[in-house]
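So the structure is just underneath, and the comments pick up after that.
Just so it is clear, none of the values below were taken in a lab; they were calculated from the coordinates. Nothing here was measured: the structure is a model prediction, and the numbers come from that model. Cβ coordinates were reconstructed from backbone atoms using ideal geometry, including for glycine residues, and neighbour counts include every protein chain displayed.
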Amino acid sequence: MLLFSITWGAVSGWWALVGLLLAVAYAWLMYRQPVNLSDKFRYMLAAFRGVAVFLITMLLVSPLVRSTNYQPQKPLVLVLQDNSASIKLFGVNQKDKVSPPGGDLEGGVVDNLAKLKQQLGDGYDVQEFNFGHGLNPGLSKTFSARQTNLAAALNQLNDRFVNQNIGALVVATDGLYNQGADPQYEARNFKTSIYTIALGDTIARRDLLIGNVNYNKTAFLGNDFEIEVLTQAWQSQGESIRLSVTEGGRQLYSQVQAVSGDAFKQNITIKLNADKKGIHKYNIAIAPVKNELSTQNNIETIYVEVLDTKQKILLVYDAAHPDISVIKQAIEANKNFELKAVHVDDFDEIKLADYSLVMMHQPSPATFSILKELITKTKIPLWYMLGAQADISNFNTAQKLAQISAVRFDMQEVFAQPVADFASFTLTDSTLQKIGKMPPLMAPFASYTTNVTNGTLLKQRIGTVATSYPVLLFGDDNGRRTGILTSEGLWRWQLAEFEAYNNHTAMEELFSQSVQYLTANANRQRFRAYPAKNIFDEGENVLLNAELYNDALELVNTPDVKIEFKNAQGKNYSFLATRNGQSYRLDAGTLPVGEYTYSASTKLGPRAFNANGQLTVKPLNLEIRQSAANHQLLRNIAQQSGGKFMKPSEIDQLANLIKKNENIKTLVYEDKHYSDMIDVKWIFGLILLLLSAEWFLRKREGEV
C-alpha cells in the first residue's frame, strides 16, 4: 500500500492559501462574464483552470511530497538439519521412531521436517538448511558430513537473515559437535524462539572407542615423540581394552587395560622413535569385543612427518615489544622452523651462516649501521618489520621494493585487506577471511609507493577507505627475497583470533607461508613445486605452488606446467597448473584418502625441468568418536530462547506450537520517502491533462 501527503519543511504553508486564492481569482476572471455556455459547463471549465493554476503555484513553492509504503513481511521459520555422519552411524532413538516399520528412521525425521512448510501454510516463509562443516541449502538424507560445526552454521544463518523477521528457528541434531565454539553462545544471538529436535540416543550402549588422539604432526630424526590416546569403554565392565600401534603391518606398541566401570576412560601415553625421515602412517587400534555398538571408532590413523633438521630464523630487535613474542609463537608453530630473537647489541655473536632468514624488527639507525654488511654484502633473505620506532629514512635506502614518504612521523590505525591478485604463495580462504576481520594495526602516516608486481599480500584500509598502500608485501630485491611489514600491533590479531575462534590458525598459517616463501629456493633451484602443507584433511582442497626461473634467475611462467598425482594403488590424477602472477598455483580440489606422490614437469626453451614430492590426505574420524547424544545442550538452547525441546516423534506438533506463539507474527514495515514536488512527474501530466481538456471543450463549444 502506497500513500502520499504534503509536508512543508522550511516552506510556509500559508503559500498554499495564496496559491489557492490566485487560482480561484484567475478562474473567476476567465469565466465571470456570461458566455454561450451553460452555468454547469462554465463551472466545470473554471474548475479545470483553477486546479491547473493551483498546481502550477505549488510547483513554484515546491513543498516536499512524502510517500509512505507499507510492506508486510511474513515471519521466517528457519529449519536447520544435522547432516553429519554421526546421525546415520548411531541413529535416531528407537523409542522415538518416526517412520513406518522397516523404514529409514533418520530419513523419516527429514521427511517430517519437510512437511512443516505445508503445515504452516502461506502465512509463514519457511527456509530449509542442512549443516556439517558449514551451512548448505535444503534438507538432506545423505548424512555424509565428516565434521560438525553447529556454531558456524548458526553464525552463517544469523548473518544471512540479519534484520529480517525471524519468527522461529528449528534445529534437528544430536547435540554433538567436533569443531567450532560452543553453540549455546551463538544461539544467544537469535532473538527468537528456538525449537530443538533431539536426534540420537543419550543412553550409552556397549562400545569401546578411541575418544581422542593428541600428537605433534612433526618430529625430528633420531628423537623420541609421544602420542596420547584417550580410550573409552561404555557398558563394558569386565572386558579389556587391547590397544596396539602399527606401521606398515609392523607392531610398534601394545597394551592391555582392564575396564573397571560402565563409563570407563583412560589416557594412555605412547612413546615412539623417529628412526626414518619422511611421512609415517601409524594405525592405532582397539580390538573389538562381542556385541559392540560400532567398530568404526576403534581405529584411528595418524600421520607424523619426520624431519632431518630445523630451518633457523633470526629476529633482531632494538627494544622489547609484544609483537616479538607473537611472531616467535606463530613461526615456531611450524615445526620446520626455529626462531632465535637477539638484541642488536648481541648481533656480533651470531653466526649468520646458520640462518636462512633475518627479520629486522623496528630497526633503528644503530641497527642499520650494525647490519650494514648483512644488507649490502649478502643475499640472505630479509624481512623488515616497521613501526613507531623504525628508522624510515634508512629503510628507504636499504631496499627498493617500497618507499615511505612522511612529512611528519605519526602513526595511524589501518585495517589489513587481502589482495586477490597476490601471486607469491597461497593462503586458505578461511585465513584470508579471518585476516579481513582483524582489528587495526598501527602504520606510519605517510605516502607509500611500491616497485613490485603482484607482491602485495595485504593492503591498508583507513577507516572505510581502501588504499593501495601496503601492509605486507614480498618481492625480489636485487636477487634477495625480501618481505616488508609496514605496521605493528600483531598482538591485537593474536588476541582477537583466539577470542573469536579459540585458536591461532590464521596467524600461524600467515607466518608459516611467509617464511616458507622467503627461505625457499636459497640454492636457486630452477624449478620447484611444493604443496601448501604435506598432510591434508579428508575433504580439504589440495593446493600446490610452483616456481620456474630463467637463466637470469627471474621468475617466469610462460610455459605450461603439468602436475600428476599418483596414489598407492597406482591411479593417476593429472592437472594443468594455472598462472598466478609470476609463478604457478594448482587447486586440485579434494582427493580421496591416501598417500600420493606428485611430479611436476615443464619446458623452458630446449631444457626440460621436473620436480617431485609426496603428500598425504588423511581420513577424518571425528564423527565416530562420540556415540551418546548430547541432549542437555539442546535443552539449554531451547530454554534460553523461550522455545521448546522436542523428540522426533513430536515433530507433528511443531506447526501448532509455532502458530500459537504470539511472538511470531507478520510485521509491517513503513518506508517513508521524501521528494520535491517538482520531481513528481505525474503532477505535470495532470496539469497537461486539465489544460488540454479545458481547451478541447472550449474548442468544441466554439469559444476558441
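What ³J(HN,Hα) values, in whole Hz, does the Karplus curve 6.51 cos²θ - 1.76 cosθ + 1.60 give for the stretch 622-637 when θ = phi - 60°, with x put for Gly and Pro?
Each residue of the stretch 622-637 in turn: 4, 6, 9, 7, 10, 10, 8, 5, 10, 7, 5, 4, 5, 4, 5, 5 Hz.
On a C-alpha basis, how far is the centre of the stretch 646-665 from the centre of the stretch 223-255 in Å? Whole number, if you could?
Cα centroid to Cα centroid, the span is 47 Å.
Kindly list the residues of the stretch 21-40 that lie in the label zone of residue 703, defined by a backbone N under 12 Å from the point 7 Å along the Cα-to-C-beta vector.
Residues passing the 12 Å test: 27-40.
Given R₀ = 45 Å, what would the calculated FRET efficiency be for residue 312 paired with residue 420, taking r from the Cβ atoms and rounding to 0.05?
With R0 = 45 Å, the Cβ-Cβ based efficiency is 0.85.
So what is the calculated 222 nm ellipticity per residue for the chain, using -39500 (n - 2.57) for each DSSP H run with n of 4 or more, over all residues, to the nearest 500 deg cm²/dmol?
Calculated mean residue ellipticity at 222 nm is -7500 deg cm²/dmol.
What ranking of 176, 21 emerges when the number of other C-beta atoms within 10 Å of each C-beta is taken as an exposure proxy, fewest first?
Numbers: 176 23, 21 12.
Ranked by crowding around the Cβ, least crowded first: 21, 176.
When only Cα pairs under 8 Å and 6 or more residues apart are kept, what is the percent relative contact order across the chain?
It rounds to 16 percent for the chain.
What's the ranking of 411-422, 619-630 by average number of surrounding C-beta atoms within 10 Å, highest first? Kindly include the intermediate steps, with their values, before the conclusion.
Details: 411-422: 17.2, 619-630: 20.2.
So the peptides 411-422, 619-630, ranked by packing, come out 619-630, 411-422.
Can you compute 3J(HN,Hα) from phi for each residue in the stretch 653-662, using the Karplus curve 6.51 cos²θ - 1.76 cosθ + 1.60 with θ = phi - 60°, rounded to whole Hz and x for Gly and Pro?
7, 5, 4, 5, 4, 5, 5, 7, 6, 5
Note down the nm distance, to one decimal, between modelled labels 7 Å out along Cα→Cβ at residue 273 and at residue 526.
With each label placed 7 Å out from Cα toward Cβ, I get 4.3 nm.
Figure the gain on full extension for residue 433 and residue 558 (residue separation times 0.36 nm, minus the Cα-Cα span) and round it to one decimal in nm.
41.9 nm
How much FRET efficiency would the formula 1/(1 + (r/R0)^6) give for residue 66 and residue 20, where r is the Cβ-Cβ distance and R0 is 25 Å, rounded to 0.05?
0.80
Using alpha carbons only, how many angstrom separate the centre of the stretch 555-613 from the centre of the stretch 331-356?
33 Å
At a 10 Å Cβ-Cβ cut-off, how would you order 493, 695, 14, fewest neighbours first? Kindly include the intermediate steps, with their values, before the conclusion.
Numbers: 493 23, 695 14, 14 9.
Ordered from fewest to most neighbouring Cβ atoms within 10 Å, 493, 695, 14 come out as 14, 695, 493.
What residues have an amide H closer than 5 Å to that of residue 337, excluding those fewer than 5 places away on the same chain, when H is modeled at 1.01 Å from N in the peptide plane?
Those lying under 5 Å, H to H, from residue 337 are 311.
If each residue of separation counts as 0.36 nm, what is the full-extension length gain between residue 372 and residue 608 once their alpha-carbon separation is subtracted?
The residue 372-residue 608 span can extend by a further 81.0 nm.
Can you tell me the FRET efficiency between residue 578 and residue 673 if r is taken as the Cβ-Cβ distance and R0 is 41 Å, rounded to the nearest 0.05?
Efficiency computed from Cβ-Cβ geometry: 0.30.
Nearest 10 degrees is fine. How inclined is helix 14-31 to the longest principal axis of the chain, computing both from alpha carbons?
40 degrees
What nm value, rounded to one decimal, do you get for the distance between residue 388 and residue 33 when each label is placed 7 Å out toward the C-beta?
8.9 nm
Determine the percent antiparallel among the DSSP beta bridges restricted to the chain, to the nearest 5. Kindly include the intermediate steps, with their values, before the conclusion.
On the way: 118 of 167 bridges.
Taking every DSSP beta bridge with both residues in the chain, the antiparallel ones total about 70 percent.
Hand me the tally of lysine pairs in the stretch 311-519: alpha carbons under 24 angstrom apart, and the pair either on different chains or 8 or more positions apart.
Here the count comes out as 28.
Tilt of helix 39-61 relative to the longest C-alpha principal axis of the chain, in degrees (0 to 90, nearest 10)?
In the chain, helix 39-61 runs at an angle near 40 degrees to the longest axis.
Treat each spin label as a single point 7 Å out from the Cα along the C-beta direction, and report the residue 587 to residue 240 distance in nm.
Between residue 587 and residue 240, the simple spin-label model gives 5.2 nm.
Within a 10 angstrom radius of the beta carbon, how do 492, 188 rank from fewest other beta carbons to most?
If I rank by nearby Cβ atoms, fewest first, I get 188, 492.
Can you tell me which aspartates and glutamates have their Cα less than 12 Å from the Cα of residue 115? Leave out same-chain residues fewer than eight positions away.
128, 652
By how many degrees, between 0 and 90 and to the nearest 10, does the Cα long axis of helix 150-160 differ from the longest principal axis of the chain?
Taking Cα atoms only, the helix is inclined about 30 degrees.
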